[in-house]
Amino acid sequence: MHLWVNMQTRTDKMDRIVNLAKRRGFVFPASEIYDSPGAIYDFGPLGVLLKNNIKAAWWQRFVQRREDIVPIDTAIITRREVLAASGHETSFTDPLVECRICHQRFRADEEIPPAGDHEHELTEPKQFNLMFKTSLGPTEEGSILAYLRPETAQGMFTNFGSILDTARVKVPFGIAQIGKSFRNEITTGRWLFRLREFEIAEIEYFVKPGTDEGWFATWLQEWEAFFTDLGVAAENLRRYEHPKESLAHYSKRTVDLQYDFPYGWNELAGVANRSDYDLQQHQRLSGRDLTYFDEGEGRKYHPYVIEPTMGIERAMLAFLVDAYREYPGGRAQRGEDRELESVLHLDPRLAPITVAVLPLVRRERLPDIAREITAELRGAWFVHYDENGSIGRRYRRYDEIGTPWCVTVDSQTQRDETVTVRDRDSMGQERVRITELKGYIAPRLETVVQTRAPSSAH
Ligand code: GAP
């Protein structure tokens, strides 16, 4: 009973997060005016900024700041041969069952929700391939069968030779990519958790065989640190080691990084040891040499691949859930009969709007000064100007979307060219000279990102 009540409370809270995301323009169901098909979403003005900030933090940490990783952007439409060689055409399946009475379809390997008015009568499970098919060419005959890629990884393997030829890389090195992936999921309905169209951020990290287990441990730590450095509470993360029987067809070992989602603990990201499976397969089926010549060892081999991976929307969901707090009765003025206040305590680097500039009143020169400050700060960050409503109401509006700082222009500003900077989390206010505003905010956006240099110990 206690567990159920707890679960119910969490799903109610989740409903309020989904509602906030829609009401404030983070996430909208796709094609909604024609009734959304579900599990496909559009990202509104604040959502696209949050998503871009997550991708930028990832890119900065794992590509820009590292010497051993090169970026790539490969095509979404993938000819059949690639995904046949990788094993996806035969093995990228989930077991599907259908109720003979209500014709709803479910994954046989997941808990099946009961129907209100009947006992499900389920068919035998059959393997359902999750890839979306398409064809290239203007005619049916002679067209080439292709798929929308179900993961970004394969483009990094098929380009392995081109990267070796052009990027002057030496094992150990990685290829990194962020891009759209598509899966025709059987069960949906958990908002951003399981989508049909989503973005994956992943690295294929090529290492000398025999050093793969050490690199696996390093990447698992790196992957966890990405989330904790951006504010996710460590107690909401745990590792899950896949038993041998549940490993994907390409994997020698996989550990999921799970998050305590409102729906329960589930995969947020993962690290897999793909061994030399993909390079071997592509070499065998394309006939191209995909070996690496190790100068130090004076021999050729197929490197092993450690693959850290994460879904951007799933990361977005975890960041939102982790940052969301509710304050019944409000935070600011205790004792007053206020509505429930919600605050997104997002890391400032992820916040969609970094600063809101607010003239205290719409009188004298305050709006003009606030507009000048807005224009100045916009050179560096996303900044809103807002003159509507009481100052308390405006603070709450920006707390709700996670804006870390509100800059208020008041009558003192006209006398001494200072403004107040109000902190979202502490609600503390400091008087800062207008000319020093950028210098006040910038260092607070540059904290903590540190990457471990690749260790030579492996
Ligand atoms: N290349 C390996 C690979 O694609 P995966 O575990 O199937 O591994 C990678 O997917 C990540 O993408 C997962 O850790 C998860 O965060 C995210 N993901 C997977 N399926 C998803 C879906 N249907 N909707 C949203 N995110 C998904």
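The values are calculated or read from the model by the stated rules, or taken from the named source; none is laboratory data. Every value quoted in this text rests on a predicted model; they were computed, and no experiment measured them. Every residue, glycine as well, gets a Cβ built from its backbone with ideal geometry; the counts of neighbours run over all protein chains shown.
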Can you name every residue in the range 427-448 that is surrounded by 11 or more Cβ atoms within 10 Å (Cβ to Cβ) and outside any helix (DSSP H, G or I)? 427, 429, 430, 431, 432, 433, 447, 448
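Residues are listed down the side, and each one gets a yes or a no for (1) out of contact with any Pro (no Cβ under 9 Å at 6 or more places or on another chain); (2) loosely packed, with under 10 Cβ neighbours inside 10 Å; (3) in a loop (DSSP other than H, G, I, E, B):
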| residue | (1), (2), (3) |
| --- | --- |
| 111 | yes, yes, yes |
| 120 | no, no, yes |
| 127 | no, no, no |
| 138 | yes, yes, yes |
| 154 | yes, no, no |
For the structure I just gave you, tell me whether residue 279 is in contact (Cβ under 8 Å) with a residue 24 or more places away in the chain, over 30 Å from residue 56 (Cα atoms) and not charged (D, E, K, R). no
Which listed residue, of 313, 267, is acidic (Asp, Glu), in a strand (DSSP E or B) and within 16 Å of the ligand (Cβ to nearest atom): 267
Please name all residue pairs, on different chains or six or more residues apart, with Cβ atoms under 7 Å, provided the first residue is in the range 419-443 and is closer than 17 Å to residue 343 by Cα and the second residue is of a type outside the set (Asp, Glu) and in a helix (DSSP H, G or I). 422/395
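Can you find a residue in the range 10-19 that is over 24 Å from residue 318 (Cβ atoms), surrounded by fewer than 15 Cβ atoms within 10 Å (Cβ to Cβ) and among the β-branched types (Val, Ile, Thr)? Please lay out each step first, then the result.
Step one: of the range 10-19, the residues over 24 Å from residue 318 (Cβ atoms) are none.
No, the range 10-19 contains no residue that is over 24 Å from residue 318 (Cβ atoms), surrounded by fewer than 15 Cβ atoms within 10 Å (Cβ to Cβ) and among the β-branched types (Val, Ile, Thr).
Is the range 236-257 home to any residue that is among the polar types (S, T, N, Q), modelled with pLDDT of 95 or more, under 27 Å from residue 157 (Cα atoms) and within 10 Å of the ligand (Cβ to nearest atom)?
Start the filter on the range 236-257 by keeping residues that are among the polar types (S, T, N, Q), which leaves 236, 246, 251, 254.
Still in the list and also modelled with pLDDT of 95 or more: 236, 254.
Next, only the ones that are under 27 Å from residue 157 (Cα atoms) stay: 254.
From what is left, the residues that are within 10 Å of the ligand (Cβ to nearest atom) are 254.
Yes, the range 236-257 contains a residue that is among the polar types (S, T, N, Q), modelled with pLDDT of 95 or more, under 27 Å from residue 157 (Cα atoms) and within 10 Å of the ligand (Cβ to nearest atom).
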Considering residues of the range 381-390 that are out of contact with any Ser or Thr (no Cβ under 8 Å at 6 or more places or on another chain) and in contact (Cβ under 8 Å) with a residue 24 or more places away in the chain only, the residue farthest from residue 46 (Cα to Cα): 387
Would you check which residues across the range 59-69 are part of a helix (DSSP H, G or I) and out of contact with any helix residue (DSSP H, G or I) (no Cβ under 7 Å at 6 or more places or on another chain) and list them? 59, 60, 62, 63, 64
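For the range 239-252: of the residues being of a type in the set (D, E, K, R) and over 23 Å from the mean Cα position of the chain (by Cα), which is surrounded by the most Cβ atoms within 10 Å (Cβ to Cβ)? It would help to see each step written out before you state the result.
Here is the first cut: in the range 239-252, the ones of a type in the set (D, E, K, R) are 239, 241, 244-245, 252.
Narrowing the set further to residues that are over 23 Å from the mean Cα position of the chain (by Cα) leaves 244-245, 252.
On the way: 244: 9, 245: 5, 252: 17.
Among those residues, the one meeting the criterion is 252.
Sort out which residues of the range 163-185 are more than 12 Å from the ligand (Cβ to nearest atom) and assigned to a loop (DSSP other than H, G, I, E, B), and write them in order of number.
At the first step, the residues of the range 163-185 found to be more than 12 Å from the ligand (Cβ to nearest atom) are 163-176.
Passing the criteria: 167, 168, 169, 170, 171, 172.
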Quick test for you: out of 135, 162, 91, 143, pick the one residue that is without any contact (Cβ under 8 Å) to a residue 40 or more places away in the chain and within 21 Å of residue 305 (Cβ to Cβ). 162
Quickly run through the range 276-287 and pick out the residues that are more than 14 Å from the ligand (Cβ to nearest atom) and either surrounded by 14 or more Cβ atoms within 10 Å (Cβ to Cβ) or part of a loop (DSSP other than H, G, I, E, B) (or both). 276, 279, 280, 281, 282, 283, 286, 287
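Being assigned to a helix (DSSP H, G or I) and small (Gly, Ala, Ser) is the filter; apply it to the range 21-58 and report the residue that is farthest from residue 197 (Cα to Cα).
Top of the filtered list is 57.
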If the Cβ limit is 8 Å and pairs must be 6+ apart or interchain, which residue in the range 298-313 that is under 30 Å from residue 47 (Cβ atoms) pairs with which residue that is charged (D, E, K, R) and outside any strand (DSSP E or B)? 308/222; 309/151; 312/51; 312/55; 313/51
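Let me confirm something: among 18, 82, which residue is in contact with a His (Cβ under 9 Å, 6 or more places away or on another chain), not in a loop (DSSP other than H, G, I, E, B) and not polar (S, T, N, Q)?
82
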